[in-house]
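Read through the structure below, which is laid out as structure tokens, and then see the notes.
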Amino acid sequence: MAARFGNRRTALRGGTVRRTFAPPPHAVLPPRMSIQGVVMVNRLLVWAAGSREVQRQVTENPIARRAAHRFVAGEQLEEALAVAAELNSRGVGGILDLLGEGVRDLAGATRAVEEYEEAIAALAARRLDATISIKLSQLGQTVGRDACRVNLSHILDTAQSAGVRVEVDMEESGLISDTLKLFREVATSHPQTRVAIQAALRRTPLDLEALAALKPRVRLVKGAYAEPVEVAQQGRAEIKAQYKFLTDWLFQHGTDPAFGTHDGELIAYAREAAARVGKGREDFEIQLLYGIRRDLLKELTDSGHRVRVYIPYGSSWYPYLTRRMAERPANLLFFLRALVGR
Ligand SMILES: Cc1cc2nc3c(=O)[nH]c(=O)nc-3n(C[C@H](O)[C@H](O)[C@H](O)COP(=O)(O)OP(=O)(O)OC[C@H]3O[C@@H](n4cnc5c(N)ncnc54)[C@H](O)[C@@H]3O)c2cc1C
């Protein structure tokens, strides 16, 4: 599988700089941090993300595990269910995400299927309002495509019988064609399935056109993976512009669109786009990540929006955590402070 954090030359805010790590296309310069500062932080992150030793040290460190809880519900399903129940009590839906992408053998994929079955059964038994979100690389996509297809169908059938909806996360660009192909293969028999689509990618408008006949259920996100400039827009303005264009597209051609973003401007745009086609707040969903912008969550629920929170859980939280840190280097400082006890 292609490395998530690769070496490349890329443009950053107008200038071309040589970096060993490119932040996700939408990465925001933190307030008062210079470009050199961001580059240094990102170098640190790429080194940390690639180092097995750092991963081992971090994941085995009890303080680090506690700090990771800011973004991850816990290592056990029970903890994710508790978060979902608490959100439900405030009128907010959940999206359960079992961490553990990029399995290296089919046994790992089978374990993930079993764990998802357990999650589906628990959600149904407790009548919780939560979907499950899966990564196809966790179901064996890169080790055995046919097995992945079987695993996906199995989860979809189990979920459908239990009345639980499934969402498919979108991963790095090398996996997108196959993920969309698999989505197309199952979307007719499982029309409730939602797929994540990354606005930053140059190919996305064409991908959506190709799905138009299905009136797809989409979660529109900016895109969390570092991609080369020929694959993805790098500037914030360009990504936002494409996000808005795709928002309008989804209100015209999609079904029950979901917007996975904490960006107030894009949420406001979704509201306006809905109004332009005679739709209201009940006709779309806003999705947020657990632990991020709790103020926004309250604001959205208070103002009557349909909101779901993505709840990652499981022991393989390290890659997820490094993505959240790359998005916002302040998270890295929070994490490092927790480690040194300050
Ligand atoms: C529900 C959900 C599901 C997602 N699924 C996928 C997926 O399947 N595939 C994929 O590639 N990406 C996925 N993403 C991630 C997405 O692509 C972005 O990387 C992420 O949402 C940050 O972009 P943003 O739109 O929130 O805007 P940003 O401009 O990055 O953030 C807007 C504001 O939100 C806050 N914020 C954002 N990120 C953080 C953070 N890490 N820590 C603290 N504050 C933060 C900050 O206040 C920031 O100013 C998902 C996101 C969400 C919300």
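The values are calculated or read from the model by the stated rules, or taken from the named source; none is laboratory data. Quantities reported herein were computed from a predicted structural model and do not represent experimental measurements. A quick note on method: Cβ atoms are made from the backbone with ideal geometry, for glycine too, and the neighbour counts reach across all protein chains shown.
Could you check, for segment 329-340, whether at least one of its residues is more than 10 Å from the ligand (Cβ to nearest atom), out of contact with any Leu (no Cβ under 8 Å at 6 or more places or on another chain), on the phi > 0 side of the Ramachandran plot and of a type in the set (Gly, Ala, Ser)? Within segment 329-340, none of the residues are more than 10 Å from the ligand (Cβ to nearest atom), out of contact with any Leu (no Cβ under 8 Å at 6 or more places or on another chain), on the phi > 0 side of the Ramachandran plot and of a type in the set (Gly, Ala, Ser).
In this structure, does Tyr243 turn out to be over 27 Å from Glu117 (Cα atoms), at pLDDT below 95 and of a type in the set (Phe, Trp, Tyr)? Judged against the criteria, Tyr243 is not a match. If you check Tyr269, Tyr290 for being more than 8 Å from the ligand (Cβ to nearest atom) and either within 19 Å of Glu75 (Cα to Cα) or of a type in the set (Gly, Ala, Ser) (or both), only one passes: Tyr290. Within the option set Arg294, Arg236, being loosely packed, with under 13 Cβ neighbours inside 10 Å, under 26 Å from Tyr320 (Cα atoms) and not assigned by TED's automatic domain parsing to the domain that holds Asn331 holds for one residue only, Arg294. Of the residues screened, Glu299 is one that is more than 10 Å from the ligand (Cβ to nearest atom) and farther than 24 Å from Arg66 by Cβ.
Across segment 219-260, the number of residues qualifying as aromatic (Phe, Trp, Tyr) and out of contact with any strand residue (DSSP E or B) (no Cβ under 7 Å at 6 or more places or on another chain) comes to 4. Scanning segment 161-174 for residues being surrounded by fewer than 22 Cβ atoms within 10 Å (Cβ to Cβ) and of a type in the set (A, V, I, L, M) gives a total of 1. If I go through segment 275-292 residue by residue, how many of them are of a type outside the set (D, E, K, R) and either touching a Leu at 6+ places or on another chain (Cβ under 8 Å) or within 25 Å of Ala224 (Cβ to Cβ) (or both)? Final tally of qualifying residues: 8.
Across segment 215-230, the number of residues qualifying as assigned to a strand (DSSP E or B), within 11 Å of the ligand (Cβ to nearest atom) and not aliphatic (A, V, I, L, M) comes to 1. Evaluate segment 236-245: report whether one residue or more is within 12 Å of Ile286 (Cβ to Cβ) and either within 14 Å of the ligand (Cβ to nearest atom) or of a type in the set (Ser, Thr, Tyr) (or both). No, that holds for no residue. All of Thr142, Thr204, Thr247 fail the test of being buried (at least 17 other Cβ atoms within 10 Å of the Cβ), among the β-branched types (Val, Ile, Thr), in the same structural domain as Ile267 (by TED's automatic domain parsing) and closer than 26 Å to Gly94 by Cβ, apart from Thr247. Every condition in (1) touching a residue at least 40 places away in the same chain (Cβ under 8 Å); (2) within 21 Å of the chain's Cα centre (by Cα) holds for Thr247 except the one numbered (1).
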